[in-house]
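*Asks:* Right, I'll just put the structure down here and ask away after.
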Amino acid sequence: MHALKALVVAILVISFMTFVAFFGRLPALRNTPISWLHGFMWNTVPSAFLAVDRRITGGRLSRAMRRFGNYMMYERHPTVLIFFIALLIGGEVMYLPTVWPLLHATQRFTVAIVVICPYVFLWLSASADPGYITPENHVVQMAQYPYDFAMFHPGSHCRTCQLLKPARSKHCSICKHCIGKADHHCIFINNCVGAGNLHWFMLLLFSTAVLLMYGTCLGLSLLSLAIKLRYPDFSMWPPAAVNYDWNTYFLIMSLALQSNVGMGAVTLLTLLTAPLVWGLWAYNMYMIWAGTTTNESLKWSDWKFDIDDGFAFSRRMSPTREKDLRFEPAWTKWPVETDSIMVRTENGPPRADSTNIPGEGEWTQVTSLKEVDNLYDLGFWDNLRDVFWPRYRFASGSGVPVDGRIGRGRQRERRQG
Ligand SMILES: [Zn+2]
Ligand SMILES: [Zn+2]
């Protein structure tokens, strides 16, 4: 009984701390206790440790740990990927031998599919080219998305790759490459998530979430069946605490778990971790719905701060603007182009006649992020198409200059329609 409680608490605490460690920096959690705890974990604790080590070993221990930490954090290595696979295999080895003989043929078929899918999608997301930008494919990468002149301005160079940065790309210091439509570097797949594998990554999250949910339901229903053999009036769900008080209910549950330790522990683990994986999947679906990436959501949250501080200004972009083809592609696969430019300055708007900044007319202060159109949001279905069919060309008549062919007006029509 106490052992069960301790196990539940331990799993909950570990899942929560893992969540805080990896996701506490997300913009949505800024200024919440979770982000404070994240700061405590990554800043306060390490600096306290440094201070103690400086006194005791003169800092030798922390230098060695920093080298190890740098390797773990900033080099590509499959440690977490191996841990993830070990967790999957370990759980299945503990779970399946008990469960398999109790299943009928169709259930066995379902279990086989549910178990195999995460491995397949893990392999596909880990081995796929996430969208490495190389001198050979640079022209194609440049033609994917137009610059929005807010988060992405033309003419910015990657100093490492020595290439112009295409819109929506980001240099990954771990993969040592610029990545097209970069989302984030994921240590679970030991690869970046970008235009080339976001679809596999979404399927990995979804199949893992289904695996955990199915494992939970199957495990609980088999445990319930086993308990009912001894206590026929017991019901796990809805919890029948009519004939039993809660203590007896948990005592019966823990006895059942103890008689099937492997399956019981795995069921408990899947029950407690399934919400986390479903949450991650929902978060990434939300990002697709919003037409953005993790990388861009960080940029948007920076813009929000500049807008709140009164440092953001925008002006109209001429529909007949001449593109500087040294820095910008003549056309892209994207059906829309920006009709405004947004800049940040700390000393008021730029001059209206400034010729080194594109756009025309007076600058107006941007007072809310709501005023800003996200160029990369075409609506949920087209955003989804862009993720799952990265080669799809929204713009028809490839090679025709973008100017005058399709403007922002069409995007607004699409959104309304
Ligand atoms: Zn780069
Ligand atoms: Zn990377």
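*Asks:* If we scan segment 331-340, do we find a residue that is in a loop (DSSP other than H, G, I, E, B), farther than 26 Å from residue 180 by Cβ and either at pLDDT 90 or above or not assigned by TED's automatic domain parsing to the domain that holds residue 26 (or both)?
*Replies:* Within segment 331-340 (the criterion being in a loop (DSSP other than H, G, I, E, B), farther than 26 Å from residue 180 by Cβ and either at pLDDT 90 or above or not assigned by TED's automatic domain parsing to the domain that holds residue 26 (or both)), the answer is no, since none of the residues qualifies.
*Asks:* Another question, if that's okay. Could you please find all residues in segment 189-209 being within 12 Å of ligand 2 (Cβ to nearest atom) and touching a helix residue (DSSP H, G or I) at 6+ places or on another chain (Cβ under 6 Å)?
*Replies:* Listed by number, the residues that qualify are 189, 190, 191, 193, 197.
*Asks:* Does segment 36-94 hold any residues that are in a helix (DSSP H, G or I) and either among the acidic types (Asp, Glu) or in contact with a His (Cβ under 8 Å, 6 or more places away or on another chain) (or both), and which are they?
*Replies:* Once the filter is applied, which keeps residues that are in a helix (DSSP H, G or I) and either among the acidic types (Asp, Glu) or in contact with a His (Cβ under 8 Å, 6 or more places away or on another chain) (or both), segment 36-94 yields 53, 71, 92.
*Asks:* A further question follows. Say whether the condition of being β-branched (Val, Ile, Thr) and either assigned by TED's automatic domain parsing to the domain that holds residue 370 or in a helix (DSSP H, G or I) (or both) is met by at least one residue in segment 232-247.
*Replies:* Scanning segment 232-247 turns up no residue that is β-branched (Val, Ile, Thr) and either assigned by TED's automatic domain parsing to the domain that holds residue 370 or in a helix (DSSP H, G or I) (or both).
*Asks:* Touching a Leu at 6+ places or on another chain (Cβ under 8 Å) and surrounded by fewer than 17 Cβ atoms within 10 Å (Cβ to Cβ), is that true of residue 135?
*Replies:* Here the answer is yes, as residue 135 does meet what is asked.
*Asks:* While we're here: Considering only segment 114-165, how many residues are within 16 Å of ligand 2 (Cβ to nearest atom) and in a loop (DSSP other than H, G, I, E, B)?
*Replies:* Residues in segment 114-165 being within 16 Å of ligand 2 (Cβ to nearest atom) and in a loop (DSSP other than H, G, I, E, B): 8 in total.
*Asks:* Somewhere in segment 133-142, is a residue within 12 Å of ligand 1 (Cβ to nearest atom) and over 24 Å from residue 336 (Cα atoms)?
*Replies:* Within segment 133-142 (the criterion being within 12 Å of ligand 1 (Cβ to nearest atom) and over 24 Å from residue 336 (Cα atoms)), the answer is yes, since at least one residue qualifies.
One line per residue, one yes/no per condition, for (1) crowded, with 20+ Cβ neighbours inside 10 Å; (2) within 16 Å of ligand 1 (Cβ to nearest atom); (3) at pLDDT 95 or above; (4) of a type in the set (Phe, Trp, Tyr):
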residue: 166; (1), (2), (3), (4): yes, yes, yes, no
residue: 183; (1), (2), (3), (4): yes, yes, yes, no
residue: 194; (1), (2), (3), (4): yes, yes, yes, no
residue: 198; (1), (2), (3), (4): yes, no, yes, no
residue: 207; (1), (2), (3), (4): yes, no, yes, no
residue: 214; (1), (2), (3), (4): no, no, yes, yes
residue: 217; (1), (2), (3), (4): no, no, no, no
residue: 226; (1), (2), (3), (4): no, no, no, no
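The values are calculated or read from the model by the stated rules, or taken from the named source; none is laboratory data. Values in this document were obtained by computation on a predicted structure and should not be read as measured data. Reconstructed Cβ throughout: ideal geometry from the backbone, glycine too, with neighbour counts over all protein chains shown.
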